[in-house]
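Taking it in order: structure first as structure tokens, then the write-up.
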Amino acid sequence: MNGSAPVIVWFRDDLRLCDHPALHAGARAGMEANRPLICLYIVDEESAGLRRLGAAARWWLAQSLRALDGELSSFGQRLILRRGSAPETLAALVAETGAALVYWNRRYDAAGNAVDQRAIDALKARGVAGGTFPGNLLIEPDRLTAKATGPIRVFTPFWRRVLAAGDPRHPLAKPVRLPPPLPIAGEEVRDLNLEPTTPDWSGGLRAAWTPGERTARARLASFLDGCVRGYAANRDRPDIKATSFLSAHLRFGEISPVEVFHAARLAADTRRAPVRDIDKFLSEIGWREFSGHLLHHWPDMATRNLQSRFDAFPWRNDPPALKAWQRGRTGYPLVDAGMRQLWQTGWMHNRVRMVAASFLVKHLLIDWRAGEQWFWDTLVDADAANNPASWQWVAGCGADAAPYFRIFNPVLQGEKFDPKGDYVRTFVPELADLPDTFIHKPWLAPSAILAQANVALGENYPAPIVEHDAARRRALAAFAAIKA
Ligand SMILES: Cc1cc2nc3c(=O)[nH]c(=O)nc-3n(C[C@H](O)[C@H](O)[C@H](O)COP(=O)(O)OP(=O)(O)OC[C@H]3O[C@@H](n4cnc5c(N)ncnc54)[C@H](O)[C@@H]3O)c2cc1C
């Protein structure tokens, strides 16, 4: 093997320098044998089976690639961007540079795995070793699968097993030095067709987010120093900033779940944060883990009901209702606020995601896959595991799902979790002057109060597109049909 042959580190959903096993190994191999290092990202929209990113996630990816390039530049390194089928692109880069080692962190979805296997084969055919390392889960799925019973389908025993397996590996520090880069060509982020141009609708996303490892780490630190206190009680309140806002950072691997896990544990152990709140926060990281494992075992989770009895569910085809939901014009203020928060900022509070998703599936009887696809396109944290798993959970057809007959009442949910209506007022400004009593049910307000608040139902804000009790009865009847 040529002593100065470069090492390639292939970045994927792990756009960071800290706790990056492949980069760690690549840096060491380079420093020890005096090899240059190529830090590579491939935009692969050609390999079969990979789900094309939605528009909001594409925007995030573009910013995150720039941020990673910025971090690398402080080590005298740079991120090389290429486009094409990953196995072919890697093989071509090896031919171009004479690289002798290629390292990456594993992914656990079947389509991604298949691409990686083809990459390994393509490299082997050229006599190049591909080294792979643990990826963005706490525990690799095959380590947890009970041989006799198969994958665990219920969250509580799943999480118990993860915790019983012992703390995840210790996070790796950021490399102290990196080998020098190789002067090779790469594309510019702006040419990758990731960002909207005509029109550029990303202003709301830019105002809300700063992608990149630096922000991810700062967010984690400030969360653990601050609003993690009270997280268990407040995490359901969309009107206060009580959660970590780490989802998109975790989605793109700007911070690793292993690092989040250890930092949270340390905060509890050193009494910086209450154990109860940390445990609750970690169990949410556990739901992320659970979803990742489900996707590993059920690769078509985004399109196929995990419970096959739902294959016969009588979904309605109702494009105007779907559009009203997407645009935040259902007439239910909490649902509309959530859908508009999503449209404006690329994110929605978890409680409101549950209520809005339930409204689509149960009040409107529209197939959960239509909602999943809309979230996929509009969420900055759109995740191939969390999104379909959560949609199936809400729809009642998932693993360990909410029972179908539990149907959220959007008015009561609003009154409970947004008691003063601050969240609704932020995203549905046309209702801002309504008194708290009617903010979640404007159709019940006397006409004088509506007039005083400048609300004209059916004109500047819709009347409810379905009536709650009738919708509830219809949903239960539809469910009874498949149960029978
Ligand atoms: C219909 C629906 C769709 C969803 N789609 C996504 C998605 O595409 N991507 C995504 O990351 N999350 C999704 N979630 C889960 C959850 O809403 C978000 O992870 C959470 O709101 C992100 O905010 P946070 O980072 O402040 O969360 P925190 O409360 O601070 O939680 C910490 C982390 O735990 C993970 N997490 C929290 N709740 C869940 C959950 N229910 N399932 C899986 N992981 C969770 C996330 O990585 C999150 O960043 C969805 C939930 C629903 C109901």
Next item on the list: Select from segment 348-376 the residues that are more than 11 Å from the ligand (Cβ to nearest atom), more than 13 Å from Met301 (Cβ to Cβ) and surrounded by fewer than 22 Cβ atoms within 10 Å (Cβ to Cβ) and list them in ascending order.
Entry: Leu365, Ile366, Asp367, Ala370, Gln373
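Take Pro181 and tell me if it is surrounded by 12 or more Cβ atoms within 10 Å (Cβ to Cβ), of a type outside the set (A, V, I, L, M) and in the same structural domain as Gly253 (by TED's automatic domain parsing). Let's see the steps before the verdict.
Working: surrounded by 12 or more Cβ atoms within 10 Å (Cβ to Cβ): yes; of a type outside the set (A, V, I, L, M): yes; in the same structural domain as Gly253 (by TED's automatic domain parsing): no.
In short, no.
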Check: So which pairs qualify, if the first residue must be in segment 358-384 and under 13 Å from Ala475 (Cβ atoms), the second must be among the charged types (D, E, K, R), the Cβ gap must be under 6 Å, and the two must be at least 6 apart or on different chains?
Finding: Leu365/Arg316
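Considering only helices (runs of 4 or more DSSP H) fully contained in segment 148-263, which possess at least 2 residues that are within 29 Å of Pro333 (Cα to Cα) and at pLDDT 95 or above?
Values: elements: 155-164, 203-208, 213-225, 231-234, 247-251.
In segment 148-263, the matching helices (runs of 4 or more DSSP H) lie at 203-208, 231-234, 247-251.
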Next item on the list: Take segment 243-257 and flag every residue that is in contact with a Pro (Cβ under 9 Å, 6 or more places away or on another chain) and more than 6 Å from the ligand (Cβ to nearest atom).
Entry: Ala248, His249, Phe252, Glu254, Ser256, Pro257
Next item on the list: Hey, could you check segment 388-408 for residues that are assigned to a loop (DSSP other than H, G, I, E, B), in contact (Cβ under 8 Å) with a residue 12 or more places away in the chain and not aliphatic (A, V, I, L, M) and say which is farthest from the ligand (Cβ to nearest atom)?
Entry: Phe405
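With respect to Lys416, determine if the residue is in a helix (DSSP H, G or I) and either in contact with an Asp or Glu (Cβ under 6 Å, 6 or more places away or on another chain) or away from the ligand (no atom under 14 Å from the Cβ) (or both).
Numbers: in a helix (DSSP H, G or I): yes; either in contact with an Asp or Glu (Cβ under 6 Å, 6 or more places away or on another chain) or away from the ligand (no atom under 14 Å from the Cβ) (or both): yes.
Yes: the conditions hold for Lys416.
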Note to self: Looking at Leu266, Leu224 in this structure, which one is surrounded by 19 or more Cβ atoms within 10 Å (Cβ to Cβ), more than 17 Å from the chain's Cα centre (by Cα) and more than 10 Å from the ligand (Cβ to nearest atom)?
What the structure shows: Leu224
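Only one residue in Arg169, Arg153 is surrounded by 13 or more Cβ atoms within 10 Å (Cβ to Cβ), within 21 Å of the chain's Cα centre (by Cα) and charged (D, E, K, R), so which one is that?
Numbers: Arg169 fails: within 21 Å of the chain's Cα centre (by Cα).
Result of the check over Arg169, Arg153: Arg153.
Conditions (1) of a type in the set (Val, Ile, Thr); (2) within 16 Å of the ligand (Cβ to nearest atom); (3) out of contact with any Pro (no Cβ under 7 Å at 6 or more places or on another chain), marked per residue:
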{"position": "Pro274", "(1), (2), (3)": "no, yes, yes"}
{"position": "Ile285", "(1), (2), (3)": "yes, yes, no"}
{"position": "His296", "(1), (2), (3)": "no, yes, no"}
{"position": "Arg304", "(1), (2), (3)": "no, no, yes"}
{"position": "Pro320", "(1), (2), (3)": "no, no, yes"}
Next item on the list: Might you let me know whether segment 64-83 holds any residue that is buried (at least 16 other Cβ atoms within 10 Å of the Cβ) and over 24 Å from Asp191 (Cβ atoms)?
Entry: yes
Notebook entry, point to check: Mind checking which pairs have a first residue in segment 241-262 that is touching a residue at least 60 places away in the same chain (Cβ under 8 Å) and a second that is part of a loop (DSSP other than H, G, I, E, B) and near the ligand (Cβ under 6 Å from one of its atoms), Cβ under 6 Å, 6 or more apart or different chains?
Noted result: Thr243/Arg235; Ser247/Asp381; Ala248/Asp381; Arg251/Asp381; Arg251/Asp383
Item checked: One residue from Phe479, Phe375 being at pLDDT below 95 and assigned to a helix (DSSP H, G or I) -> Phe479
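When the residues of segment 419-448 are filtered to those that are in a loop (DSSP other than H, G, I, E, B) and in contact with a Pro (Cβ under 7 Å, 6 or more places away or on another chain), which remaining residue is nearest to His349 (Cα to Cα)? Step through it out loud before you land on a result.
As a first pass, look at segment 419-448 and keep what is in a loop (DSSP other than H, G, I, E, B): 419-421, 428, 432-435, 439-441, 445-446.
Add one more test, that the residue is in contact with a Pro (Cβ under 7 Å, 6 or more places away or on another chain), and what stays is 428, 434, 439-440.
Numbers: Val428: 15, Leu434: 23, Ile439: 19, His440: 17 Å.
Among those residues, the one meeting the criterion is Val428.
Condition check: among the charged types (D, E, K, R), closer than 21 Å to Ala321 by Cα, away from the ligand (no atom under 16 Å from the Cβ) and touching a helix residue (DSSP H, G or I) at 6+ places or on another chain (Cβ under 6 Å). Does Lys441 satisfy that?
Numbers: among the charged types (D, E, K, R): yes; closer than 21 Å to Ala321 by Cα: yes; away from the ligand (no atom under 16 Å from the Cβ): yes; touching a helix residue (DSSP H, G or I) at 6+ places or on another chain (Cβ under 6 Å): yes.
Yes, satisfied.
The values are calculated or read from the model by the stated rules, or taken from the named source; none is laboratory data. This structure is a prediction, so every number in the text was calculated from the model and none was measured. Note: ideal-geometry Cβ built from the backbone for every residue, glycine included; neighbour counts use all protein chains shown.
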